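What follows is a short report on a single structure.
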Amino acid sequence: MTLNKILLSITCLLSTTSTFAQDKVLNIYSARHYPTDEVMYSDFTKATGIKINRVDADDAGILARLKAEGAASPADVILLVDAARLWRAEVDGLFLPIKSAKLEEAIPAN
């Protein structure tokens with residue numbers, strides 16, 4: 001799935017929450033460091049009016065920050081580049097479960 005599709009799916013999900021609707025801000029913790037991402041973030045903000053606040057760090061730094069922030073973390077989206085660290089974060093309970101008919105419809109089960 002491309003980053004554009006991920007951001008679109010996230011927007012659909014988050015647009016249903018009242019805090020997000022009021023703030024129009026998407027908080028992204030990203031370990032990705034590609035110039036093309038800057039263009040996508042800018043295009044996303046232009047298309048949606050949703051500002052992106054981004055925290056850049058490596059995978060380990062993002063996971064450490066999530067652990068330190070706990071339930072008070074403002075992160076809406078986590079972009080890591082190492083599948084093993086994504087798995088570790090899931091095992092450590094750092095992600096909230098998501099139930100969304102829109103996402104289930106848009107993302108194939110496989």
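Where a number appears in this text, it was derived from the coordinates with a stated rule and is not lab data. No experiment lies behind these values; they were computed from the predicted model shown. Positions of Cβ are backbone-derived with ideal geometry, glycine not excepted, and every protein chain shown enters the neighbour counts.
Remarks
- For trypsin sites (Lys or Arg not before Pro), the sites in region 73-110 that DSSP calls loop and that have at most 15 other Cβ atoms within 10 Å are 99.
- Straight-line cross-link partners of residue 24 among the lysines, defined as a Cα under 17 Å from its Cα and at least 8 positions apart when in the same chain: 46, 51.
- Positive dipole terminus of region 64-107, leading residue within 72, 100, 83 (C-beta point charges): 72
- Here the spin labels are modelled as points 7 Å beyond Cα on the Cα-Cβ line, and at residue 73 and residue 34 they lie 2.2 nm apart.
- Cubic angstrom per residue, convex hull over Cα atoms of region 48-107: 124 Å³
- Distant-in-sequence amide H partners of residue 54 (H built 1.01 Å from N, under 5 Å): 28
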